[in-house]
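Every read-out reported here was derived from the displayed coordinates using simple, explicitly stated rules and does not represent laboratory data. Predicted model only: the values in this text are computed from it and were never measured. Here the Cβ positions follow ideal geometry from the backbone for every residue, glycine too, while neighbour counts run over all protein chains shown.
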Amino acid sequence: MTKKLGSKKMKKLLLSLFVLLIILIGGVWGLFFTRAGNEFLRPGIEALLNQRLPVPVRLQNFSLLPLDITLFIGKDSQIKAKGEWSLLDQSLDISYDIHIARLEELEPLIGQKLKGPLHTWGKIFGKFKNFAVQGESDLAKSQTKYNLRVQEFEASSLFANMKGARVEDLLFMANRPKFATGIVDAKAAIEDLELSRLKGRVQAILKGVRIDRGVMRKNFGVHLPKTTLRGALLAQMDGSHIFVNGGLNSNLLRFLLKGKSDTKSLSTHMNYDLIVKELALLRPLTKIRLRGPIDAKGTITGDKKALQIGGVTHMAGSSSRYKLILKNFKPASLQASIHKAQLAKILYMLTQPRYADGVIDSTIKLDNLDPKHLQGSIITHLRNGHTFSRTIQKIFDIEGADITFRADQKSLIHKGVVRSDIDIDSSIAQITSRKALYTIDQGSLKAKYLLTLPDLSKLRFITHQKMRGTLAIDGEIKKDKDFLLTAHSDTLGGKITAKLLNDKLQAHLKNIEVVQLTHMLYYPEVFDSSMNADLEYNIATKKGELAARAYDGHILPNQLSFLLQQMANFDITKEIYKVTELNSSIEDKQILSNLDMKSRFTHISSHKALVDLAKKYIDAKLRIDIKHRPLYVKLQGALDAPKISIDAQSLFKERAKKELQKRLKDKVPKEIKGLLNNLF
C-alpha cells in the first residue's frame, strides 16, 4: 500500500516537471519565435545594444522567424535583413541591405576616419558553419560584385570585381582632399584565403588619373604642371609564394616594385626603384611639406620578425646609403651615411628659403626608433658654408649678409634624450655649445652656449650701427612650455646680464664706462662716468622702458663746452655730477628721454629728447642753468655729429646790464638811471 502511494506521488512529480518543461519551452519559443514575443524582447535588446555600442541605435523591426530586422545606426544609416533560417537543418537564406548615409558618424564603431555614403546589398545562404555571401556595392560610384565563401566560420575564398571606381570619391571616403580624378578597376580571385596556403590573383589598374592642379594650389600651396598618372599592380599567389609586379608612372613620378614573399615564413625579397621629380606631388598623402626631386633604389628583404629596407639615394645632390630595419613591420633601427649633400637643396626640399649653401656629410646610427627610447648617434660636418645675401635681404630686409661658415655637430642619443656638442665658426662669430640636451617626447631643450664676436665692425649689416671692439657672451637656452634665453658679458669695464622670456626682454648694465660705450659706438665722447641701467622691452610690440643712472660723471671737452666757455666764461668740464638720471620710453626704433643732472654750479635737464635709431637722428632741447642763469641748447641732426645752437639771450642781457652800469656809472643822471634799470 505504501509502495503504491509512493509510486503515484512520483508519477505526479514527473508529470508536473514535464508540464513545467513544456511551459518553459513554450515560453522561450513564444519569446524568440513569435512576433508577439519578439516585440516584447525588442526594447530590451535595443537598450542592450545602446549600452554596448559607441553609437546610438534604434531597433525598428525585430522578428526572428521569419527573420525581419531593421536596425537604424546613428541618424540615417540602416541595416535590413530578411529571410528564412532553420535550426533543424541549420540552413539560412537571408537577404541584406546595408545603407550607410555618413561613414563619419560611425568612426567610434569602426575605428576609422572615413567619410561619405556606402551602400551594399546581397544574400547570405547555405549552412550555419558553411555559407556564402554574394553581394554588390556602388562603392565610389563603381559597379562592384563580390562572393565570399565561409567554411567552419572562417573566410575561405573571395572573388570580387570592381569596375569604374572614381578616384576622387575614394579620396573623399579616405578623408583626403580630392586632388586627383580618374578611374580604378580591380579584380580579386583568391581561391584560398588561409595565409599559409594563399592562392589566387589580385589586379588593380589606374585609368586616366589626373592631378587637380587647382586643389593642389589651394589646399597645399603647390604649383604643378599637368600631371597624369598611370599605374598597375599584379599579385599572384601559388600557395607558397606571393609574386608582386607593379608600378606607377607619370611625368613627375616613377615607382617600380618587383619580387616575391613566402606565405609561410613571410620572408620577402623585393627590388624597388623610385624617382620623384617633384615631392610636392605626394603632399596630400604624406602631409609633409616637401618639394624637389628624390631618387632611391634598393631591396626589401627579410620576414615579419626583421624586414630590411636598404638602398642608395642621390637626395639633395648627395651620394647616400641607408638601411632601415622593421620588426613586426614597425621601424626598429636605421643606419645612414650621407656624403656631400648640398644645404641649399635640403632647404629647398624642406620648403624653406635658400638662405645658404654648403656641403654636408653625416653618419646616422639609430638602434631604437621609438621616440621615447631612441638610441644611437648622429655626427654631422658642414663645410664651405656661405649665405645668399639677396635671399636674406628679401626676407629679413638685411643688406650685405655675406657670411661664410662651417659647423660640426655630434649627438649621442639615449632613451629619447639627445646630448649634443655643437661648434659653429663663421666670418662674424663663433658659437660653441657643450652637452646641449633635447628631450624628444617633451620637445624640451636645455643648452649652454658661448658666443664670441671678434670684430664688432662686421655686424654693421645687422645693427646698422658702426661699432668696434670685441665681445664675448655666455648664457643658456631653455625651451619647454616657454622659451628662455639668458646672456652675460663682462665688457665695457662692467657687466651686462640679460634675460629673454618669450617676448619679454630684461637687461641690466652695471658699472659700464660711458666713455668706452660711446667709443665702441663711434659716438662723440662727451661724458665720462660709470653707469647702471635697467631695460625692459617687448620684442613683439617693440615697446619698452629704459632707466639709467650715471655716477660721479664729468663732461669732456667738446663743441658745447667750448661755446659755453666763450659765451658764459664758464668751464663746465670741471663740474662733477654725482648722479645723472636718464629715463627713456622706447617705441620701435624711436627713443624719447628725460634727462636730469646736477653739479655744484650747474643743472642740466631735457624733456622728451628724441633719438631715432633708424634714421640716426637726434632732436633734443637742453636747459643748462649756470649759477642759476639759464641757457637753452638745441641738438639736432646726425646722431654722431649733431648741430649745436645756443640761445644765450638771458646771459647776454645780464652781461650787457653789468657792462653798461659799469661804464655809465658817473655819466648818467640819477633820474635816467631808474629808466635804465627798468629797461633791463
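Candidate membrane-span-like segments in the chain, meaning DSSP H helices with Cα atoms spread over at least 18 Å of their own axis and a Kyte-Doolittle mean of 0.5 or above, are 2-33, with no membrane implied. Each residue in L49, L106 was given a count of other beta-carbon atoms within 10 angstrom of its own, and listing them fewest first yields L49, L106.
From the Kirkwood radius over Cα pairs of the range 474-521, Stokes-Einstein at 4 °C and 1.567 mPa s returns a whole-number translational diffusion coefficient of 110 µm²/s. A viscosity of 1.567 mPa s and a temperature of 4 °C, combined with the Kirkwood radius over C-alpha pairs in the Stokes-Einstein formula, give the range 523-647 a diffusion coefficient of 85 µm²/s. Counting charges near G310 (Lys, Arg +1; Asp, Glu -1) among other residues having Cβ under 11 Å from its Cβ returns a value of +3.
For every other residue with a beta carbon closer than 11 angstrom to the beta carbon of E194, add +1 if it is Lys or Arg and -1 if Asp or Glu, then tell me the sum. It works out to a net charge of 0. In summary, the aspartates and glutamates within cross-link reach of K327, defined as a Cα separation below 16 angstrom excluding same-chain residues under 8 places away, comprise D303, D367, D370. Per residue, the convex hull spanned by the Cα atoms of the chain measures out at 325 cubic angstrom. Calculated mean residue ellipticity at 222 nm for the chain: -6000 deg cm²/dmol, from DSSP H runs with n ≥ 4 weighted as -39500 (n - 2.57), summed, divided by the residue count and rounded to 500. Partners of K615 within straight-line reach, counting aspartates and glutamates whose Cα lies under 19 Å from its Cα and excluding those fewer than 8 residues away in the same chain: D397, E399, E587, D588, D640.
What is the local net charge at G135, summed over the other residues whose Cβ is closer than 12 Å to its Cβ (Lys, Arg +1; Asp, Glu -1)? That works out to -1. Take the residue pairs K394/K499; K115/K207; K543/K616 and return only those whose Cα atoms are more than 20 Å apart. Check vs 20 Å cut-off fails for K394/K499; K115/K207. Under a 5 Å amide H cut-off, with hydrogens placed 1.01 Å from N, L307 pairs with L326, K327, N328, F329 among residues at least 5 apart or on other chains. 3J(HN,Hα) along the range 147-161: 9, 10, 9, 10, 10, 6, 6, 10, 4, 10, 8, 9, 10, 9, 9 Hz, from the Karplus curve 6.51 cos²θ - 1.76 cosθ + 1.60 with θ = phi - 60°, whole Hz, x for Gly and Pro. Shape verdict for the range 138-303, please, from the Cα gyration tensor: rounded (a/c under 1.5), prolate (a/b greater than b/c) or oblate. Note, shape of the range 138-303 comes out oblate. Taking 0.36 nm per residue of separation and subtracting the Cα-Cα distance, full extension of the segment from H607 to R468 would add 47.0 nm. Counting beta carbons within 10 Å around each of Y523, Y438, Y577 and listing the fewest first gives the order Y523, Y438, Y577.
Tell me the label-point distance for the pair N502, L53, using the 7 Å Cα-to-Cβ offset, in nm and rounded to one decimal. Placing both labels 7 Å along Cα→Cβ, they lie 4.7 nm apart.
Estimated from the Cβ-Cβ distance and a Förster radius of 25 angstrom, the FRET efficiency linking D552 and H628 is about 0.60. Taking a straight line from the alpha carbon of K410, these aspartates and glutamates sit under 16 Å away, with near neighbours fewer than eight places off in the same chain left out: D361, D421, D423, D425. Hydrodynamic radius of the range 176-250 by the Kirkwood approach over all distinct alpha-carbon pairs: 14.4 Å.
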